[in-house]
Amino acid sequence: MSTEYKVQGDIAVITLNNPPVNGLGFTTRLGLTDGLSQANADSAVKAIVITGAGKAFSGGADIKEFGSPKAMQEPNLLSVILAVENSPKPVVAAIHTVCMGGGLELALGCHYRIAAPGCSVALPEVKLGLLPGAGGTQRLPRALGVEPALNMIVSGEPVKSEMLAMLPGQKLFDKMASSADSLLAEALAYAAEVAAVRPLPLVRNLPCKHPQGDAYFQFARNMVKGMSKNFPAPGKCVDAVEAAAKQKFEVGMATERELFINLMWTPESKALRHIFMAERAASKIPDVPADTPQRAINSVAVIGAGTMGGGISMNFLNAGVPVTMLEMKQEALDRGVATIRKNYEAQVKKGKLKQDKYEQRMSMLSTTLSYDDLKDADMVIEAVFEEIGVKEAVFKELDRVMKPGAILASNTSTLDVDKIASFTKRPQDVVGLHFFSPANVMKLLEVVRGAKTAKDVMATVMTVAKKIKKTAVVSGVCDGFIGNRMIEQYGRQGGFLLDEGCTPEQVDKAIEKFGFAMGPFRMGDLAGNDIGWAIRKRRYTEKPDMKYSKTADLLCEKGRFGQKTGAGWYDYVAGKRDAIPNAEVVKMIEEHRKVLGIAPRKISDEEIVQRLVYSLVNEAARILEDGIASKASDIDMVYLMGYGFPIYRGGPMNYADQVGLFNVVQSMKRFAQNPLDDSKFWQPAPLLAKLATEGKTFN
Ligand code: 3HC
Ligand code: NAI
């Protein structure tokens, strides 16, 4: 049973005990109704307190049960809340730390609520593509007022209990406890105080109206529409709260129920629930137990104060960790520091950072030209030129000066981390930390595990990633790691699409309509087309069997490297990022087609999207087979956090699962007929073929 039942004096205490956050899964719900029955049957009990053990009152419905019959198995949450409301003896919710979703809905069903200060209160269902489905949209507006309740429901953001207690006329909290420590004692005293009160107060009986009625809801609907674009849930939240303000309680409850059930089956909600789990799963490494001892990281050194070194340093300064940056020349250090200053000053100007915080962060940054000044750092991250000889020189120096046990990390994007580790006498301390540009902004961090990287190093860097607010995903050592290995195939398809009849604009528009932040050609212009060119030149000798379109090479031969040269697949006006189609580029593509003897064909948006997305999926399946990623959901996180894959589609693997792997394989077999690409790429990866045959999914 995931609850505890105790009687203290003449008060029964039901404690939710379902770690980590007292999710209201089946056994917890059963424990609650059993506890209520027991308390009501016991004549010695005068009132009942419901509270939560550990670090939450309750985090809400058990997300892991969603989609399974258990979620609705009686007693479901609605039935539990009804049983609480109908209890003949008063029920007091003693709320602390976290009171969210179904947890708050449960509390709203209680006759009284006492809260500890500092408790995070929220109806975060919208973040899972849902709306509160156990009366939250009907009771919270009655307890708090329509506007504050709608704001909480539409945003899903937590509000501190003491802030809510200050809202004029609020009926959410009957009492604030003086501290979390004294909450239970104060709740017991309060339960004794109200034990004899009859009739028992119910939130459902409170009035609910908005003085501006229709006009307010129209305004709310317009606001939400602008913000929620591809997500249906926020708009439905407005509908449900409007029902609370305009209909009888029971009618509003029925409206909420219908909207909730419909949202539960939307691909958007499935994607968001998948991401919630995937994000948490990414931080777990199968063979590195959660209790692996970790190394203390209280200071960091960064080698190279260029584009990446500066951004990486900012992450640590933001988290309050002192940083020492090392360069070869004073001017390079000065430039690096000036860029960091400029970035912070822009934040101060926009009101995103307070002046004193900015100064505090800069005071934690020091610079040096001497490796000897790094000897006490707990971790060093190298971000120098991408040349193996330069890396070798740097890592030999680091091996010489760094204290024993220091973590030696490289931000290399293409080089072999095992080779870099071999330049030291301590390969167990070496790991890849592949940040994405701009490193102070992008959420993704690929943690590259070398063959010899120690488990405690892995455990430590995963914690460090959390501290600097990155989503870390573990990758094995291979060319391009997870993200760039996949993007190469996506880029290759983009090239063939041009040769077969598309313009860059057509390809970009199709995939942007699908939801990508940027199509492959706009992305190439942003990153620099010369980077892909350099990689292809290597591939022509390394992998002669892999076919590439030569169109991108022709573009680079014209010096059209992208935004940095003012011209790439598109033209750019200085200081602006708008991509302007260029007739010469289109002509260049057409002429190359003629040379290849290809008659252009009209290619549908559907084919463009399938070829780009399924190329990611097929390579990802191989990445899983090779053990480079340990789970499909990690690959989804890489693409969602680092490559602009649409959130509401849940990542490439989740998307493929939703389309159905059988259908994905059928499309690949069609694409395999393409005479331009005879490199067998479209043969479905064995893992994908197997899952498709067995009717299974990646996740
Ligand atoms: N159900 C099941 N497990 C949950 C959960 C929930 N509602 N909320 C969190 N967890 C689990 C996480 O999966 C994680 O598990 P793990 O240790 O195995 O990885 C663990 O709790 C800790 O989670 P976090 O890493 O997120 O811990 P934090 O301390 O950073 O945050 C939290 C705690 C604020 C509760 C955060 O987890 C959170 O926001 N949870 C989601 C809450 C939510 O969305 N509730 C609404 C559910 S839907 C609902 O109630 C429907 C109803 O209206 C009918
Ligand atoms: P950059 O050219 O902007 O900066 C490199 C800096 O390292 C320069 O300031 C240079 O003076 C300094 N440097 C060179 N040799 C040095 C040495 N021996 N000792 C000390 N400092 C030295 O390069 P950028 O873009 O910051 O890249 C750095 C690393 O990060 C590379 O390995 C790159 O592959 C990787 N990376 C780059 C990304 C990007 O988008 N720019 C993304 C992810 C990784």
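The values are calculated or read from the model by the stated rules, or taken from the named source; none is laboratory data. The model shown is predicted, which means the values in this text are computed figures rather than measured ones. Note: ideal-geometry Cβ built from the backbone for every residue, glycine included; neighbour counts use all protein chains shown. Areas reflect the complete protein model, heavy atoms only, side chains present, ligands, DNA and RNA absent. Shrake-Rupley method; radii C 1.70, N 1.55, O 1.52, S 1.80 Å.
Descriptive notes on the structure:
- Members of the range 372-387 found to be surrounded by fewer than 14 Cβ atoms within 10 Å (Cβ to Cβ) and within 10 Å of ligand 2 (Cβ to nearest atom), listed by number: Phe385, Glu387
- Test: residue in the range 602-611 that is at pLDDT below 95 and either of a type in the set (A, V, I, L, M, F, W, C) or part of a helix (DSSP H, G or I) (or both): no
- Scanning the range 61-82 for residues that are among the hydrophobic types (A, V, I, L, M, F, W, C), open to solvent by 30 Å² or more (accessible area, probe 1.4 Å) and either near ligand 1 (Cβ under 9 Å from one of its atoms) or not assigned by TED's automatic domain parsing to the domain that holds Thr15 (or both) yields Ala61, Ile63, Phe66, Leu78.
- Count - residues of the range 560-592 that are free of Cβ contacts under 8 Å to residues at least 60 places away in the same chain and open to solvent by less than 30 Å² (accessible area, probe 1.4 Å): 7
- Within the range 127-163, tally of residues that are assigned to a helix (DSSP H, G or I), in contact with a strand residue (DSSP E or B) (Cβ under 7 Å, 6 or more places away or on another chain) and either within 13 Å of ligand 1 (Cβ to nearest atom) or open to solvent by 10 Å² or more (accessible area, probe 1.4 Å) (or both): 2
- Residues satisfying the stated conditions in the range 394-431, i.e. among the small types (Gly, Ala, Ser), open to solvent by less than 10 Å² (accessible area, probe 1.4 Å) and within 10 Å of ligand 2 (Cβ to nearest atom): Ser410
- Here Ala290 fulfils each of the conditions (1) outside the structural domain of Leu444 (by TED's automatic domain parsing); (2) part of a loop (DSSP other than H, G, I, E, B); (3) crowded, with 17+ Cβ neighbours inside 10 Å apart from (3).
- So Ala305, is it in contact with a helix residue (DSSP H, G or I) (Cβ under 6 Å, 6 or more places away or on another chain), over 18 Å from Pro124 (Cα atoms), open to solvent by less than 50 Å² (accessible area, probe 1.4 Å) and assigned by TED's automatic domain parsing to the domain that holds Lys403: yes
- When residues in the range 325-371 are screened for being within 29 Å of Leu398 (Cα to Cα), open to solvent by less than 70 Å² (accessible area, probe 1.4 Å) and outside any helix (DSSP H, G or I), 9 of them pass.
- The residues in the range 83-126 that are within 11 Å of ligand 1 (Cβ to nearest atom), open to solvent by less than 10 Å² (accessible area, probe 1.4 Å), outside any helix (DSSP H, G or I) and out of contact with any Cys (no Cβ under 7 Å at 6 or more places or on another chain) can be counted, and the count is 3.
- Subset of the range 6-47 [open to solvent by 10 Å² or more (accessible area, probe 1.4 Å), under 19 Å from His96 (Cβ atoms) and outside any loop (DSSP other than H, G, I, E, B)]: Lys6, Gln8, Thr15
- Taking the criterion of being of a type in the set (D, E, K, R) and open to solvent by less than 10 Å² (accessible area, probe 1.4 Å), the only residue of the range 443-467 that qualifies is Glu446.
- Any pair with Cβ under 8 angstrom, 6 or more apart, that starts in the range 244-257 at a residue that is in a helix (DSSP H, G or I) and ends at one that is hydroxyl-bearing (Ser, Thr, Tyr): Ala244/Thr137; Gly252/Thr137; Glu256/Thr137
- Within the range 48-82, the set of residues being hydrophobic (A, V, I, L, M, F, W, C) and not in a loop (DSSP other than H, G, I, E, B) comprises Ile48, Val49, Ile50, Ile63, Ala71, Met72, Leu77, Leu78, Val80, Ile81, Leu82.
- Which listed residue, of Pro438, Pro427, is at pLDDT below 95 and within 21 Å of Val474 (Cα to Cα): Pro438
- Residue within the range 593-613 that is surrounded by 15 or more Cβ atoms within 10 Å (Cβ to Cβ) and under 30 Å from Pro286 (Cβ atoms) present: yes
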